[in-house]
Number of protein chains: 2
Amino acid sequence: MKPHHPIPEASLRRLPVYYRSLQEMLTAGAAQAVSCADLARTLGLDPTLVRKDIEMTGIVGRPRVGYPLADLVRWIESFLGWNRLKGAVLVGAGSLGSALLGYDRFRSHGMEIVAAFDTDPGKIGKRNHGRPVQPLSALPDFVRRTQVLIGVIATPGDAAQSVADLMVAGGILAIWNFAPAHLHVPKHVILQNEDLYHSLASLSFKLESRTRRAETPEEREISYAQDN
Amino acid sequence: MKPHHPIPEASLRRLPVYYRSLQEMLTAGAAQAVSCADLARTLGLDPTLVRKDIEMTGIVGRPRVGYPLADLVRWIESFLGWNRLKGAVLVGAGSLGSALLGYDRFRSHGMEIVAAFDTDPGKIGKRNHGRPVQPLSALPDFVRRTQVLIGVIATPGDAAQSVADLMVAGGILAIWNFAPAHLHVPKHVILQNEDLYHSLASLSFKLESRTRRAETPEEREISYAQDN
DNA sequence: TAGATTGTTAATCGATTAACAATC
DNA sequence: TAGATTGTTAATCGATTAACAATC
């Protein structure tokens with residue numbers, strides 16, 4: 001019984017927050033059941049928002065009780081596909097790429113990076129966190145052979161588009177892009193951007209707005225409008 | 001002449017995309033002026049959306065011509081505060097933290113990480129990408145003394161809240177959080193989350209939806225509604 | 001002048017918030 | 001039963017998209 005409505009991106013991004021909080025409650029072993037109100041209180045979020053998000057996953061709760069804690073955790077896990085391991089390839093074995101290769105927590109969240117690729121001859125042939133680093137040219141064939149569906153890009157910005165093209169050519173269906181680049185991919189490919197400069201822009205603008213306001217109180221009324 | 005309306009988060013996050021594209025045009029040296037339609041075309045975005053975003057920054061263009069390319073680049077830079085260098089401290093000199101310390105591009109985007117902190121005795125006292133790694137306990141005093149306003153958290157999730165508390169105590173006004181943790185900070189503190197699991201949830205869910213649809217065509221109509 | 005583009009106002013869309021009915 | 005919580009429907013809010021007027 002899957003939902004018939006589109007799932008809002010914002011809701012999807014909140015589910016991990018609930019998931020983590022619920023897991024903590026579970027290991028703490030305090031309660032058997034949890035209500036949306038409980039969850040909202042511990043997270044400082046709007047109770048109605050939490051209710052809608054949980055409801056969206058399709059789980060059925062009991063009025064006056066809430067949701068069985070363990071069930072809810074597993075339900076969210078399953079809803080997100082975090083209980084079904086999917087392979088991934090990573091391109092760009094630099095410092096960020098290596099950090100990502102070192103995150104073994106990804107495995108318990110549905111993703112396992114099975115191979116790394118790079119163009120640097122100094123890196124090719126060696127191992128990085130246990131994974132062999134192969135030449136980028138070997139990527140499309142590797143993807144086709146192993147049927148891996150996820151591609152992670154951790155290259156410099158100017159290499160990202162060509163890497164994405166290679167991934168798509170190999171049959172990758174989802175790209176997680178950490179490179180500072182605006183990628184063009186076919187419609188059937190899921191693109192998740194993790195461009196740090198998007199966040200840095202937001203942070204920088206807000207910080208400037210607030211510190212400037214403090215300096216020139218006469219502009220206060222205007223600046224208030226810019227608060228998030 | 002600053003805008004009187006609140007600036008949408010989504011618009012702020014699109015500005016770096018325009019900025020980068022405009023910079024490329026500038027170095028390519030092709031055109032003197034650029035229109036929103038041009039920009040929208042090269043980026044594959046809705047022209048009206050681009051217009052609204054650019055307009056929001058307060059720059060004034062010329063009908064039939066567009067915006068002077070060099071002016072627009074500098075305008076966005078200034079709007080985001082990327083031309084005014086702000087100091088930052090980083091906590092957590094692990095693999096991700098080290099990668100962030102190595103990003104010298106941050107400096108040309110308004111942020112310079114001036115010091116790193118950690119609790120690991122094996123890291124304290126050494127240098128990481130030229131920056132001294134200090135004990136975490138030294139953070140509040142350091143922040144007070146140097147008047148740094150930005151704090152970057154790259155610790156494990158369970159340490160993040162206490163680190164955030166230390167930062168706030170020292171006078172940090174903006175926190176860039178890379179740890180997988182839902183942080184509670186006072187209202188006056190800007191919080192920018194870079195939680196990878198938020199993105200991974202979205203990517204994983206969408207990938208599962210699409211691949212499952214392919215397996216069971218009879219559910220196609222339902223699955224379509226879940227497309228982004 | 002004609003026409004493309006900016007600047008601005010209105011309409012649509014979707015997400016969040018609020019209200020209320022159902023239920024254990 | 002009474003009351004808290006789920007489930008569901010309506011209202012609000014904000015962002016995106018569309019329409020149109022102003023201008024060079």
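The values are calculated or read from the model by the stated rules, or taken from the named source; none is laboratory data. Values in this document were obtained by computation on a predicted structure and should not be read as measured data. Glycine also receives a Cβ, built like all others from the backbone with ideal geometry; neighbour counts cover every protein chain displayed.
Kindly establish whether A:A99 is under 21 Å from B:S98 (Cα atoms) and in contact with a Lys or Arg (Cβ under 6 Å, 6 or more places away or on another chain).
Details: under 21 Å from B:S98 (Cα atoms): yes; in contact with a Lys or Arg (Cβ under 6 Å, 6 or more places away or on another chain): no.
So A:A99 does not fit the description; no.
What single numbered condition from (1) buried (at least 21 other Cβ atoms within 10 Å of the Cβ); (2) in contact with a Cys (Cβ under 7 Å, 6 or more places away or on another chain) fails to hold for B:G97?
Looking at each condition in turn, B:G97 falls short on (2).
Has segment B:11-26 got any residue that is over 19 Å from A:A181 (Cβ atoms) and outside any strand (DSSP E or B)? Reasoning before the result, please.
First, the residues of segment B:11-26 that are over 19 Å from A:A181 (Cβ atoms): B:11.
When the remaining residues are screened for being outside any strand (DSSP E or B), the result is B:11.
Yes, there is a match, as at least one residue in segment B:11-26 is over 19 Å from A:A181 (Cβ atoms) and outside any strand (DSSP E or B).
I'm trying to understand the selection: among the residues of segment B:62-71, which are within 7 Å of DNA strand C (Cβ to nearest atom) and surrounded by fewer than 17 Cβ atoms within 10 Å (Cβ to Cβ)?
Here is the first cut: in segment B:62-71, the ones within 7 Å of DNA strand C (Cβ to nearest atom) are B:62-67.
Selection gives B:R62, B:P63, B:R64, B:V65.
Of all residues in segment B:153-178, which are within 11 Å of chain A (Cβ to nearest Cβ) and not charged (D, E, K, R)?
As a first pass, look at segment B:153-178 and keep what is within 11 Å of chain A (Cβ to nearest Cβ): B:154, B:156-158, B:172-178.
Result: B:A154, B:P156, B:G157, B:I172, B:L173, B:A174, B:I175, B:W176, B:N177, B:F178.
How many of the residues making up segment A:61-84 are within 13 Å of DNA strand D (Cβ to nearest atom) and within 20 Å of B:S202 (Cβ to Cβ)? So that I can check it myself, show each step before the final result.
To start, the set of residues in segment A:61-84 that are within 13 Å of DNA strand D (Cβ to nearest atom) comprises A:61-69, A:71-72, A:75.
Applying the additional criterion that residues be within 20 Å of B:S202 (Cβ to Cβ) yields A:72, A:75.
The number of residues fulfilling the criteria is 2.
Among the numbered criteria (1) within 15 Å of DNA strand C (Cβ to nearest atom); (2) over 24 Å from the mean Cα position of the chain (by Cα); (3) aliphatic (A, V, I, L, M), which one does A:V34 miss?
(1)
Filter segment B:10-51 down to residues that are among the charged types (D, E, K, R) and loosely packed, with under 14 Cβ neighbours inside 10 Å and give me whichever is farthest from the other protein chains (Cβ to nearest Cβ). Give the steps one after another, and end with the answer.
Just the residues of segment B:10-51 that are among the charged types (D, E, K, R), to begin with: B:13-14, B:20, B:24, B:38, B:41, B:46, B:51.
In the following step, the residues that additionally are loosely packed, with under 14 Cβ neighbours inside 10 Å were identified as B:24, B:41, B:46.
Numbers: B:E24: 9, B:R41: 12, B:D46: 14 Å.
Among residues in segment B:10-51 that are among the charged types (D, E, K, R) and loosely packed, with under 14 Cβ neighbours inside 10 Å, the one farthest from the other protein chains (Cβ to nearest Cβ) is B:D46.
Can you tell me which residue in segment B:104-115 is surrounded by the fewest Cβ atoms within 10 Å (Cβ to Cβ), limited to those that are within 14 Å of chain A (Cβ to nearest Cβ) and touching a helix residue (DSSP H, G or I) at 6+ places or on another chain (Cβ under 8 Å)? Walk me through it before giving the result.
Step one: filter segment B:104-115 for residues within 14 Å of chain A (Cβ to nearest Cβ), giving B:104-113.
Cutting the leftovers down to touching a helix residue (DSSP H, G or I) at 6+ places or on another chain (Cβ under 8 Å) gives us B:106, B:109-113.
Working: B:F106: 21, B:H109: 23, B:G110: 23, B:M111: 25, B:E112: 16, B:I113: 23.
Ranking the qualifying residues of segment B:104-115, first place goes to B:E112.
The rows are residues; the columns are (1) outside any loop (DSSP other than H, G, I, E, B); (2) more than 10 Å from DNA strand C (Cβ to nearest atom); (3) assigned by TED's automatic domain parsing to the domain that holds A:R14; (4) not β-branched (V, I, T).
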residue	(1), (2), (3), (4)
A:D38	yes, yes, yes, yes
A:R41	yes, yes, yes, yes
A:L45	no, no, yes, yes
A:L49	yes, no, yes, yes
A:K52	yes, no, yes, yes
A:V60	no, no, yes, no
A:V73	yes, yes, yes, no
A:L90	yes, yes, no, yes
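Against the conditions (1) near DNA strand D (Cβ under 9 Å from one of its atoms); (2) more than 29 Å from A:Q192 (Cβ to Cβ); (3) within 14 Å of chain A (Cβ to nearest Cβ), where does B:G58 fall short? Just the number, please.
(1)
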